[in-house]
1. Under 8 Å for C-alpha pairs, at least 6 residues apart: give me the relative contact order for the chain, rounded to a whole percent.
2. Highest mean first, what order results for 160-172, 124-136 on Cβ atoms within 10 Å?
3. For the range 38-156, what relative contact order do you get, as a whole percent, if you take Cα pairs closer than 8 Å and at least 6 residues apart?
4. Which pairs, out of LYS198/LYS243; LYS60/LYS136; LYS198/LYS256; LYS155/LYS198; LYS98/LYS198; LYS98/LYS256, put more than 24 Å between their alpha-carbon atoms?
5. Taking Cα centroids, how far is the range 132-179 from the range 50-72 in Å?
6. Report the residue, chosen from LEU36, LEU152, LEU90, that carries the largest GNM mean-square fluctuation when the chain is represented by alpha-carbon nodes joined by springs under 10 Å.
7. For a quick check of your reading of the filter: which GluC sites (Glu not before Pro) in the range 1-105 sit in a DSSP loop and have no more than 14 other Cβ atoms within 10 Å?
8. Which one, LEU162, GLN74, PRO204, is farthest towards the positive end of the dipole of the chain when Lys and Arg carry +1 and Asp and Glu -1 on their Cβ?
Amino acid sequence: MAYQNITVEARDGVAIVTVNRPDKLNALNDRTVDELDAAFTAIGADAAIGGVILTGAGEKAFVAGADIAELATQSPVDGKERSIRGQKVLDRIGDLGKPVIAAVNGFALGGGCELAMACHLRIASDNARLGTPEVKLGIMCGYAGTQRLPRLVGKGRAFEMLLTGEMVDAQEALRIGLVNRVVPPDKLMAEAEALLRKMLANGPVSLRFTIEAVNAGLEMPLAEAQYLEATLFGLLCTTDDMKEGTRAFLEKRPPKFTGR
Ligand code: COA
């Protein structure tokens, strides 16, 4: 698929996906959602890519939401389909099996906040503002914001954001656990990349199974989730990476993981 509204750059095992509609504050129209789906599908299948940084073009916004111009004319059937489509694309990102960091470089509102929450963690520039203002438009979150926000920040804080529609600044987002770190805007991409590369120094299968255990496990009763963890742990014992990682420790040298 030829991209019009996003860019994808790969360097040394890291893909940088940038939503690129700065004149519309990177709002997610249907085409952009389709392009994100295609890009993350391709990245998921590309063994040369270990992880992803997702950001927005320009200095003002990560993503300022779903494209309100498209929402304004939607029928109930369109609305339901758009919501299901967006949820699936965001699930693809969350379940990618490779770490995805959102570099939140400004407004992350509505679908933009939901997109950031679908990533495994979030680093924000100190001028970032996050929120779920859908209720101000007479709608509600449709890309799983009503589910991911309480899971991230707790029910009470989620209700405050979801029901007021008010934004929080980067420091408040940090305080409530909506973002992991806050840095000056000119350090954002370097900080995201340094953190991602720390993860990519670890075994790729370990990362994949850890993501699976957290994502799937949080939706299960504890006993089943623990059984899933034990099963994935057992599977890792069949890998070259486990042999290499443990041997390297005992031989006091850095491991060389192959993802096998
Ligand atoms: N959908 C479509 N277009 C959007 C958009 C969105 N979610 N967010 C911003 N834009 C467009 C604006 O319409 C404007 O386009 P124009 O220049 O053609 O008129 C352009 O992006 C710049 O936005 P503008 O509102 O002029 O910037 P601002 O600095 O005054 O305000 C915001 C910034 C983020 C506070 C404001 O744009 C906003 O409230 N956006 C909508 C946020 C929202 O409700 N998101 C949830 C959607 S479900």
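Quick note: the coordinates plus some simple rules give every number you see, no bench work behind them. In this text, all values refer to a predicted model and were calculated from it rather than measured experimentally. Here the Cβ is made from the backbone with ideal geometry for all residues, glycine too, and neighbour counts use every protein chain on show.
1. It comes to 15 percent, rounded to a whole number.
2. Averaged packing, sorted descending, gives the order 124-136, 160-172.
3. Relative contact order of the range 38-156: 28 percent.
4. With Cα atoms farther than 24 Å apart: LYS155/LYS198.
5. With the range 132-179 and the range 50-72 each reduced to a Cα centre, they are spaced 17 Å.
6. LEU152
7. Answer in residue order: GLU59.
8. PRO204
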